[in-house]
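In what follows, a single structure is set out as structure tokens and then discussed.
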Amino acid sequence: MKLSELSEQSGVSTATIKYYLREGLLQPGRRITATQAEYGEEHLRRLRLVRALIQVGRVPVSTTREVIAALADDSLDQHSRIGVAVEALPHAPLPEEDDPATERARHEVAKLFEQLDWDDSRGAGPSSPAYGTLVTAVAALTRLGYPCGIEELLPYARTAAQLSVTELDLVARFPDEERVEAAVALTVLYEPVLLSLRRLAETDESGRRFMST
């Protein structure tokens, strides 16, 4: 298909497609003349993935480029590619190290990880940006006087662990040649799904408990 057809089928303007090509987010088409290239279904699929990462996953263009590069890097295993996708997600600022609340938060999070057997050697630990985000959030709750120790964190963590099993089982349903891309896409794009479902569930439960009848 021509560039104009790729634009029509994807709903992405030709100017944006050209920008993605320049930025290395979309692989070049097959050159047919000095000024024209031909694009296939693989370009349409990649274009939709890029748009989803940027628009739904809120992943910056520069970071999206890193995710796309990881997809094409045969030297990385699937776990490493998922790690790139996780790190691409928006994260909170790093914890304030001199804050006593941060120290308490680190202590509670470390106890939580020990109980769950989540290991930094597998990427689930202090080396992950998500770990810093968790410590920052727990520290903020601690400063406000809200309970956020291991007793409160454990049900959330166990639910998250089960969700990870569900998500990776979903990835396993894809053919081998599509599995890496599916793992990256689902890691990023199920984040807003999970957040939205939690908000909706809490709103519904709040209505059940507190709404005047």
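Okay, here's what the table says:
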item: Among (1) of a type in the set (A, V, I, L, M, F, W, C); (2) surrounded by fewer than 10 Cβ atoms within 10 Å (Cβ to Cβ); (3) under 24 Å from Pro60 (Cα atoms), the one test that Val180 misses; result: (2)
item: Filtered residues of region 136-171 (kept if within 22 Å of Tyr190 (Cα to Cα), of a type in the set (A, V, I, L, M, F, W, C) and surrounded by 11 or more Cβ atoms within 10 Å (Cβ to Cβ)); result: Ala137, Leu153, Leu154, Ala157, Ala160, Ala161, Leu163, Leu168, Leu170, Val171
item: Long-range neighbours under 8 Å by Cβ, at least six apart or interchain, first residue touching a residue at least 24 places away in the same chain (Cβ under 8 Å) within region 149-175, second assigned to a helix (DSSP H, G or I) and of a type in the set (Lys, Arg); result: Ile150/Lys111
item: Which numbered condition Gly29 fails, given (1) under 14 Å from Glu181 (Cα atoms); (2) in contact with a helix residue (DSSP H, G or I) (Cβ under 9 Å, 6 or more places away or on another chain); result: (1)
item: Identity of the residue in region 34-56, touching a residue at least 24 places away in the same chain (Cβ under 8 Å), of a type outside the set (A, V, I, L, M) and not in a helix (DSSP H, G or I), that ends up surrounded by the most Cβ atoms within 10 Å (Cβ to Cβ); result: Tyr39
item: Residues within region 57-78 that are open to solvent by 10 Å² or more (accessible area, probe 1.4 Å) and part of a loop (DSSP other than H, G, I, E, B), tallied; result: 7
item: Filter pass, Val109 being hydrophobic (A, V, I, L, M, F, W, C), buried (at least 19 other Cβ atoms within 10 Å of the Cβ), assigned by TED's automatic domain parsing to the domain that holds Thr133 and in a helix (DSSP H, G or I); result: yes
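The values are calculated or read from the model by the stated rules, or taken from the named source; none is laboratory data. Keep in mind the model is a prediction, meaning the values are calculated, not measured. As a convention, Cβ positions derive from the backbone with ideal geometry for all residues, glycine included, and neighbour counts pool all protein chains shown. Please note that ligands, DNA and RNA were not included when accessible areas were found on the heavy atoms of the full protein model with its side chains. Shrake-Rupley method; radii C 1.70, N 1.55, O 1.52, S 1.80 Å.
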